[in-house]
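**Student:** Before I ask anything, let me first share the structure, which is written out below as C-alpha cells.
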Amino acid sequence: MREEALTNSYPPKPRLALRVGITGQWPSELTELRIRSIKAQLTRIFLAIEEAAKDILTANAAVYANEPPQFRLVSDFSEGVNRLATLPSSSGWLIEGILPSPKEEYIKGLANSATADGDDACAAILEFLKSAASVTEMPSQKPQMKDRGYVTAAGYLLRQIDLIRHLRAE
C-alpha cells in the first residue's frame, strides 16, 4: 500500500520539458557546405540536449514525473537556419510555430517570394505549418508597419523558450 501511495502522490510531479529556439544565418549566406555544417551542428545540439535532459531527470527523480522529457522546438520558420532546425528535431520533438502576422496574411505576403533553393515559399511554409504541434499568429499590422510583426514575433519567441542557440557554419 505504501508503494501505491508514492506512485499516486499529490500533487502530481511535472514532466520535464524544454523549449528550444534556434536562430542563425539567412539563406543568402548559406552555401551547400554551410548547410551540411549547420545540419551536423543541429544534430549534435539536439542529441546533447536530450542527453542533458536525461541526466537532469535522473538527478532530480524526486521532482519530476517518471516520464521521458518532452522537447519543443520553437521556430518562426524563417528561411535559412530557422527552417533547417525543424528537420533534425523531428524524432519526437514537437514543433511550435510563430508567425509575424495572421496565417492568411503571411502566406499572401510570401506569394512573390522564393526560398533559397528556388522552391515556392508559400508551399514551403504550408508544409512547415503542417508539421507544427501549435502555431501562434501575431496580430495584423498596418502595411507600413509590417516589420513590427517580425519584432513582436521575435520577442514572443524569446519569452517562450528555455534555451536559445545561434548557429553559424563552422
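Just so it is clear, none of the values below were taken in a lab; they were calculated from the coordinates. Everything quoted here is computed from the prediction, not taken from an experiment. Every residue, glycine among them, receives a Cβ derived from its backbone with ideal geometry; neighbour counts consider all protein chains shown.
**Student:** What are the ³J(HN,Hα) couplings of segment 124-137, residue after residue, when phi is run through the Karplus curve with 6.51, -1.76, 1.60 and θ = phi - 60°? Round to Hz, x for glycine and proline.
**Tutor:** With coefficients 6.51, -1.76 and 1.60, one gets 4, 5, 4, 5, 5, 5, 5, 7, 7, 6, 8, 9, 9, 10 Hz.
**Student:** For a protection proxy built on the mean count of beta-carbon atoms within 10 angstrom, sort 100-110, 30-40 highest first, please.
**Tutor:** Packing order, densest peptide first, comes out as 100-110, 30-40.
**Student:** Run down the lysines and flag those whose C-alpha is under 22 Å from the C-alpha of LYS13, throwing out any fewer than 8 positions away in its chain.
**Tutor:** LYS54
**Student:** What lysines sit close enough to LYS146 to cross-link, taking a C-alpha to C-alpha distance under 28 Å and skipping anything fewer than 8 places away on the same chain?
**Tutor:** Excluding near neighbours in sequence, the set is LYS103, LYS108, LYS130.
**Student:** Let me ask something else. Per residue of segment 10-16, in order, report the coupling 6.51 cos²θ - 1.76 cosθ + 1.60 (Karplus, θ = phi - 60°) as ³J(HN,Hα) in whole Hz, putting x for Gly and Pro.
**Tutor:** 10, x, x, 6, x, 7, 5
**Student:** Scan around THR136 for amide H atoms under 5 Å from its own, H built in the peptide plane at 1.01 Å from N, and keep only partners 5 or more places away or cross-chain.
**Tutor:** GLY97, ILE98, LEU99
**Student:** A further question on this structure: Size of the dipole of segment 14-167 about the Cα centre, Lys and Arg at +1 and Asp and Glu at -1 on the beta carbon, nothing else charged, in debye to 20? Don't skip to the end; give the middle numbers.
**Tutor:** Details: 17 positive and 18 negative charges, 56 e Å.
The dipole magnitude comes to about 260 debye.
**Student:** Let me ask another. Let me check I've understood the local charge: for LEU129, count other residues with C-beta under 12 angstrom from its C-beta, Lys and Arg +1, Asp and Glu -1. What total comes out?
**Tutor:** That works out to -2.
**Student:** Here is a follow-up. Check which residues have an amide H placed less than 5 Å from ARG15's amide H, if you skip close sequence neighbours.
**Tutor:** Here ALA65 satisfy the definition.
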